């Protein structure tokens, strides 16, 4: 009996020849199994792929455990470090390329990204570091990836809005991280400093929104996870939703930009000081120079809205995003 395989099968099957690692081969074979129609003509082919997947999984299990020295680390840069994770073919790298304008290796087959790589995303007058990472599957997650997530300030999880499997794939990622005691929470969730490495503010990025399906996926995710994880729909292809994603990524970091002003001169709007939300005048003074922290007398503040103009404030005044501050010794 003929197999009558659809054209999509042959496109994906081509990528199998380019796969280098066991993890890549498993991901591609699982994709092929989801495409192959089930009837008598395909029974042997399905059995063949299942047998190959089982052997590859055994090969992975026999590998020696990675030494601590092999853990991957990328030095933080910019206003904050945000790690970008997701399942295979969700479009992580394409989203990063669209956000940063930097060429990132992108392909239609899984595991194009094999190592973590840093990119800088411009947002207004600052830059935020985005880290591209290898995909996470039910069978594989790089041993060093969890440590990188712990070190980052926030997480973007990229999902394919057009794929009916995305909600299941997110559940796999969330559960794999929970196994490592890492929990993803919303942007507004309070995170105690001692729990920071294990609780990460996260945003779900529903990529390929131009293909439809984003609203349906949102509903599925709310059923599975409630409203604990927020979403933003984007398209790396049409660039729709990218400005909102930039803003939401900035908000994930929970930081404020503060401009310093020398008495009698204009503020420096190009190089703001970056502080955590909840920081006060003394926190800024320590960043400017130790002399200001030791000898500060008072400060004057101008806010972005124009409702505060040169107001004299005390050391414990809480700073807001885009405040301008004049320090006086």
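Of these, 304, 261, 295, which one is modelled with pLDDT under 90 and under 30 Å from residue 233 (Cα atoms)?
On the way: 261 fails: under 30 Å from residue 233 (Cα atoms); 295 fails: under 30 Å from residue 233 (Cα atoms).
Exactly one of 304, 261, 295 is modelled with pLDDT under 90 and under 30 Å from residue 233 (Cα atoms), namely 304.
Check residue 157 against each of (1) closer than 25 Å to residue 12 by Cα; (2) modelled with pLDDT under 90 and name the one condition it does not meet.
For residue 157, the exception is condition (2).
Is it fair to say residue 172 is touching a residue at least 60 places away in the same chain (Cβ under 8 Å), outside any loop (DSSP other than H, G, I, E, B) and in contact with a strand residue (DSSP E or B) (Cβ under 9 Å, 6 or more places away or on another chain)? Spell out the reasoning first.
On the way: touching a residue at least 60 places away in the same chain (Cβ under 8 Å): yes; outside any loop (DSSP other than H, G, I, E, B): yes; in contact with a strand residue (DSSP E or B) (Cβ under 9 Å, 6 or more places away or on another chain): no.
Taking the combined requirement at face value, the residue does not satisfy it.
Being surrounded by fewer than 17 Cβ atoms within 10 Å (Cβ to Cβ), in contact with a strand residue (DSSP E or B) (Cβ under 7 Å, 6 or more places away or on another chain) and farther than 30 Å from residue 153 by Cα narrows it down to one residue among 310, 278; which is it?
Numbers: 278 fails: farther than 30 Å from residue 153 by Cα.
The conditions single out 310.
Of (1) in the same structural domain as residue 132 (by TED's automatic domain parsing); (2) buried (at least 17 other Cβ atoms within 10 Å of the Cβ), residue 238 satisfies all except one. Which?
(2)
Kindly evaluate residue 83 against the criterion of being in a helix (DSSP H, G or I), modelled with pLDDT of 85 or more, surrounded by 19 or more Cβ atoms within 10 Å (Cβ to Cβ) and under 19 Å from the mean Cα position of the chain (by Cα). Reasoning before the result, please.
On the way: in a helix (DSSP H, G or I): no; modelled with pLDDT of 85 or more: yes; surrounded by 19 or more Cβ atoms within 10 Å (Cβ to Cβ): yes; under 19 Å from the mean Cα position of the chain (by Cα): yes.
Answer is no for this residue.
Of 253, 221, 217, which residue is within 14 Å of the chain's Cα centre (by Cα) and crowded, with 16+ Cβ neighbours inside 10 Å? If you could, list the steps in order and put the result at the bottom.
Values: 221 fails: within 14 Å of the chain's Cα centre (by Cα); 217 fails: within 14 Å of the chain's Cα centre (by Cα).
Checking each option against the conditions leaves just 253.
Is it the case that residue 98 is assigned by TED's automatic domain parsing to the domain that holds residue 240, buried (at least 16 other Cβ atoms within 10 Å of the Cβ) and modelled with pLDDT under 90? Reasoning before the result, please.
Working: assigned by TED's automatic domain parsing to the domain that holds residue 240: yes; buried (at least 16 other Cβ atoms within 10 Å of the Cβ): yes; modelled with pLDDT under 90: no.
Considered against the rule, which asks whether it is assigned by TED's automatic domain parsing to the domain that holds residue 240, buried (at least 16 other Cβ atoms within 10 Å of the Cβ) and modelled with pLDDT under 90, residue 98 comes out as no.
Looking at the structure I just gave you, is residue 178 without any contact (Cβ under 8 Å) to a residue 24 or more places away in the chain and either surrounded by 21 or more Cβ atoms within 10 Å (Cβ to Cβ) or in the same structural domain as residue 149 (by TED's automatic domain parsing) (or both)? Break it down into steps so the answer makes sense when it comes.
Working: without any contact (Cβ under 8 Å) to a residue 24 or more places away in the chain: yes; either surrounded by 21 or more Cβ atoms within 10 Å (Cβ to Cβ) or in the same structural domain as residue 149 (by TED's automatic domain parsing) (or both): yes.
Judged against the criteria, residue 178 is a match.
Can you tell me which residues in segment 196-213 are modelled with pLDDT under 85 and over 19 Å from residue 251 (Cβ atoms)?
Just the residues of segment 196-213 that are modelled with pLDDT under 85, to begin with: 196, 209-213.
Within segment 196-213, 209, 210, 211, 212, 213 qualify.
The values are calculated or read from the model by the stated rules, or taken from the named source; none is laboratory data. Owing to the predicted nature of the structure, the values given are computational and were not obtained by experimental measurement. Every residue, glycine among them, receives a Cβ derived from its backbone with ideal geometry; neighbour counts consider all protein chains shown.
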